[in-house]
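Engineer: This is the structure I want to talk about, given as structure tokens.
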Amino acid sequence: MPKQIRINAFDMNCVGHIQHGMWTHPRDRSVEYRTLAYWQHLAQVAERGLLDGIFLADILGVYDVYKGGPESAIANAVQIPLNDPLLVVPAMAAVTKHLGFGVTCNLTYEPPYTFARRMSTLDHLTDGRIGWNIVTGYLDSAARGMGFASQPEHDQRYDVADEYMDVVYKLWEASWDDDAVLRDRQAGLYARPEKVRPVRHDGKYYHLDAIHLCEPSPQRTPVLFQAGASTRGRAFAARHAECVFTYSPNKETTRAIVTDLRERAVRNGRAASDILVFAGCAVVVGRTRKEAEEKYAEYRRHASIEGALAHFSASLGVDLGQYALDEPIRYEKNNANNSMLEAITIRSKEPWTLRRIIDRMVLGSRNAPIVGAPDEVADALQSWVEETDIDGFNLSRVVTPEGLEDFVDLVVPVLQERGLFKREYAPGTLREKLFGAGRARLPDTHCAAAVRPRASDRPLVLAAK
Ligand SMILES: Cc1cc2nc3c(=O)[nH]c(=O)nc-3n(C[C@H](O)[C@H](O)[C@H](O)COP(=O)(O)O)c2cc1C
């Protein structure tokens with residue numbers, strides 16, 4: 001049986017996500033992101049197509065690197081205005097049964113205690129369908145918003161994140177025993193105090209002495225996503241992540257990242273298959289190639305290059321507005337997205353210039369979409385999976401919700417005919433749907449398992465590493 005392709009709809013609680021300018025298309029409905037109906041419709045379409053989940057990006061801060069200010073981002077709605085991604089999840093969960101939710105949350109500015117409660121709450125409300133994309137942020141504008149002059153240095157952000165994970169694992173996995181909650185009406189006993197213990201952590205960055213506020217949820221720890229691609233980022237992913245959303249500029253680079261991630265996971269005592277890797281992609285599909293190309297040409301007329309440059313400059317931490325069209329982009333060590341800047345400078349065979357970047361920004365993003373008839377799109381997706389060993393895709397929105405509806409109606413049936421895509425959802429939590437029955441919670445080979453209490457640990461005191 002061929003490998004099953006996993007697909008998430010990739011979105012964000014804002015107008016302009018990746019393909020900038022698409023909101024100006026008359027059929028695009030992204031300006032309705034402020035309504036519950038918009039999100040519920042999207043979730044229902046995704047579930048109709050048996051998609052694995054909706055993956056919501058998020059960013060704290062504004063894109064103010066391009067031309068030294070936020071004007072281009074604001075004018076073109078480039079991830080600003082931006083609402084909170086977690087708050088739309090219960091609305092979507094209420095109208096779906098199986099769809100997963102991978103939500104990006106930045107850990108740098110929030111204490112583990114309150115964050116762990118929010119995730120547990122969502123795991124309860126979604127009946128075990130919540131995932132967390134662990135990010136540490138890359139914008140100084142976010143740091144300023146939180147009262148700091150600048151963000152922590154790149155590798156240090158991952159050190160902080162490692163310790164943060166240890167703390168939330170303790171809250172999720174160790175504070176309440178499985179049999180702590182009785183809900184015994186006759187005895188008037190809701191939970192057994194001797195089965196609930198405080199988490200004590202005294203580390204370099206975090207200090208805590210608290211009982212987790214929530215009773216055990218179906219997955220306890222949400223499914224863990226991660227999306228950093230630098231060497232330090234991959235070390236972090238190999239330890240913690242169950243799903244990695246990888247930077248995927250071409251098949252060769254992607255294949256190397258996937259191989260490296262799986263090898264690192266194995267060195268951490270995990271199975272290579274314990275990490276699912278998702279590449280980003282955008283699709284414009286029509287019933288025929290001609291129809292797809294016409295649609296693509298029509299979409300292209302709405303692309304915002306200025307918006308795309310505002311976004312890309314902030315991701316790189318480099319003001320592309322300062323470059324002449326044919327001047328090669330230079331590597332400069334900065335605190336933003338290291339791996340992306342390395343890829344287009346020191347690791348690129350051909351030097352990238354502003355002209356080359358703009359030439360690729362056909363739909364208002366730096367990634368060219370897959371355009372074609374359903375068979376051709378399926379061919380492209382299949383070849384990516386076969387040649388790079390990725391597990392699936394985060395399908396970014398183009399004109400929305402039309403793009404997702406087209407994908408579900410036209411591409412999903414072809415993938416199903418080829419045996420590459422499920423015909424029904426597996427039962428259980430998001431983790432079970434992704435990794436198989438009996439895996440509602442993190443496996444024993446995951447580092448989080450080390451914090452789980454043993455029978456002899458009572459009363460339990462969990463020391464920092
Ligand atoms: C494909 C991809 C998607 C990302 N999505 C987000 C996001 O939604 N929010 C965010 O704050 N950072 C996001 N990031 C940034 C990473 O979490 C990380 O901060 C950044 O890539 C720098 O780490 P690195 O040098 O290890 O790649 C993303 C990165 C990649 C490669």
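The values are calculated or read from the model by the stated rules, or taken from the named source; none is laboratory data. Note that the structure is a prediction, hence the values are computed from the model and not measured. Neighbour counts run over all protein chains shown; Cβ positions are idealised from the backbone, glycine included.
Engineer: Can you tell me which residues in the range 411-427 are crowded, with 20+ Cβ neighbours inside 10 Å and either aromatic (Phe, Trp, Tyr) or more than 13 Å from residue 51 (Cα to Cα) (or both)?
Structural biologist: 414, 421
Engineer: A further question on this structure: The conditions are (1) within 16 Å of the ligand (Cβ to nearest atom); (2) among the aliphatic types (A, V, I, L, M); (3) assigned to a loop (DSSP other than H, G, I, E, B); (4) at pLDDT 95 or above, and residue 238 fails exactly one of them. Which is it?
Structural biologist: (3)
Engineer: How many residues does the range 168-215 contain that are in a helix (DSSP H, G or I) and among the β-branched types (Val, Ile, Thr)?
Structural biologist: Residues flagged as in a helix (DSSP H, G or I) and among the β-branched types (Val, Ile, Thr) within the range 168-215 amount to 1.
Engineer: What are the residues in the range 221-235 that are near the ligand (Cβ under 9 Å from one of its atoms) and not aliphatic (A, V, I, L, M), if any?
Structural biologist: Passing the criteria: 226, 228, 230, 231, 232, 233, 234.
Rundown of residues vs (1) surrounded by 14 or more Cβ atoms within 10 Å (Cβ to Cβ); (2) more than 21 Å from residue 235 (Cα to Cα); (3) among the acidic types (Asp, Glu), yes/no style:
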| residue | (1), (2), (3) |
| --- | --- |
| 263 | no, no, yes |
| 280 | yes, no, no |
| 283 | yes, yes, no |
| 290 | no, yes, no |
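Engineer: Still on this structure, I have one more. What pairs come up if the first residue lies in the range 231-247 and is touching a residue at least 24 places away in the same chain (Cβ under 8 Å), the second is within 12 Å of the ligand (Cβ to nearest atom) and basic (Lys, Arg), and their beta carbons are under 9 Å apart, counting only those six or more places apart or on different chains?
Structural biologist: Taking only residues 6 or more apart or on different chains, the pairs are 232/157; 244/234.
Engineer: Hey, does the range 393-403 have a residue that's farther than 30 Å from residue 25 by Cβ, within 16 Å of the ligand (Cβ to nearest atom) and crowded, with 20+ Cβ neighbours inside 10 Å?
Structural biologist: No: the range 393-403 contains no residue that is farther than 30 Å from residue 25 by Cβ, within 16 Å of the ligand (Cβ to nearest atom) and crowded, with 20+ Cβ neighbours inside 10 Å.
Engineer: Please give the helices (runs of 4 or more DSSP H) falling wholly within the range 291-381 in which 3 or more residues are modelled with pLDDT of 95 or more and touching a helix residue (DSSP H, G or I) at 6+ places or on another chain (Cβ under 9 Å).
Structural biologist: 305-316
Engineer: For residues in the range 231-252 being buried (at least 18 other Cβ atoms within 10 Å of the Cβ) and touching a Ser or Thr at 6+ places or on another chain (Cβ under 8 Å), which is nearest to residue 341 (Cα to Cα)?
Structural biologist: Filtering the range 231-252 for residues that are buried (at least 18 other Cβ atoms within 10 Å of the Cβ) and touching a Ser or Thr at 6+ places or on another chain (Cβ under 8 Å), the one nearest to residue 341 (Cα to Cα) comes out as 247.
Engineer: Of all residues being more than 13 Å from the ligand (Cβ to nearest atom), without any contact (Cβ under 8 Å) to a residue 40 or more places away in the chain and not aliphatic (A, V, I, L, M) in the range 145-173, which is surrounded by the most Cβ atoms within 10 Å (Cβ to Cβ)? Just the residue, please.
Structural biologist: Across the range 145-173, the extreme among qualifying residues is 148.
Engineer: Those residues that are charged (D, E, K, R) and exposed (fewer than 15 other Cβ atoms within 10 Å of the Cβ), I need them from the range 301-339; list them, please.
Structural biologist: 301, 326, 327, 330, 332, 333
Engineer: For residues that are within 21 Å of residue 14 (Cβ to Cβ), crowded, with 19+ Cβ neighbours inside 10 Å and of a type outside the set (Ser, Thr, Tyr), scanning just the range 101-114, find the one that is nearest to the ligand (Cβ to nearest atom).
Structural biologist: 106
Engineer: If you don't mind, another one. So which residues in the range 123-139 are more than 16 Å from the ligand (Cβ to nearest atom) and surrounded by fewer than 24 Cβ atoms within 10 Å (Cβ to Cβ), if there are any at all?
Structural biologist: The answer is 124, 125, 127, 128.
Engineer: Please work out which residue is farthest from residue 68 (Cα to Cα), limiting yourself to the range 137-159 and to residues that are of a type outside the set (Gly, Ala, Ser) and part of a helix (DSSP H, G or I).
Structural biologist: Step by step, filter the range 137-159, then rank; the result is 159.
Engineer: Quick one: count up the residues across the range 43-86 that are more than 16 Å from the ligand (Cβ to nearest atom) and assigned to a helix (DSSP H, G or I).
Structural biologist: 13
Engineer: Tally time: how many residues in the range 79-121 are of a type in the set (A, V, I, L, M) and more than 18 Å from the chain's Cα centre (by Cα)?
Structural biologist: 4
Engineer: Considering each of 69, 61, 49 in turn, give the residue that is more than 18 Å from residue 131 (Cβ to Cβ), out of contact with any strand residue (DSSP E or B) (no Cβ under 7 Å at 6 or more places or on another chain) and free of Cβ contacts under 8 Å to residues at least 12 places away in the same chain.
Structural biologist: 69
Engineer: Go through (1) free of Cβ contacts under 8 Å to residues at least 60 places away in the same chain; (2) farther than 25 Å from residue 157 by Cβ; (3) within 25 Å of the chain's Cα centre (by Cα) one by one and return the number of the condition residue 341 breaks.
Structural biologist: Going through (1) free of Cβ contacts under 8 Å to residues at least 60 places away in the same chain; (2) farther than 25 Å from residue 157 by Cβ; (3) within 25 Å of the chain's Cα centre (by Cα) one by one, residue 341 breaks only (2).
Engineer: Next question, about the same structure. List pairs: first in the range 424-438 and outside any helix (DSSP H, G or I), second exposed (fewer than 15 other Cβ atoms within 10 Å of the Cβ) and not small (Gly, Ala, Ser), Cβ under 9 Å, 6+ apart or cross-chain?
Structural biologist: Here the result reads 425/97; 437/427, each pair linking the range 424-438 to a residue that is exposed (fewer than 15 other Cβ atoms within 10 Å of the Cβ) and not small (Gly, Ala, Ser).
Engineer: Moving on to the next point. As an exercise: evaluate residue 357 against (1) touching an Asp or Glu at 6+ places or on another chain (Cβ under 7 Å); (2) more than 16 Å from the ligand (Cβ to nearest atom) and give the number of the one condition it does not meet.
Structural biologist: It fails just one condition, (1).
Engineer: Pairs please, first residue from the range 269-295 and small (Gly, Ala, Ser), second anywhere and surrounded by fewer than 20 Cβ atoms within 10 Å (Cβ to Cβ) and at pLDDT below 95, Cβ atoms under 7 Å, 6+ apart in sequence or on different chains.
Structural biologist: From the range 269-295, the pairs are 280/367; 282/367.
Engineer: Follow-up question, since we're still on this one. Take the residues of the range 244-280 that are polar (S, T, N, Q), touching a helix residue (DSSP H, G or I) at 6+ places or on another chain (Cβ under 6 Å) and in a loop (DSSP other than H, G, I, E, B): which is farthest from the ligand (Cβ to nearest atom)?
Structural biologist: Per the criteria, the residue is 268.
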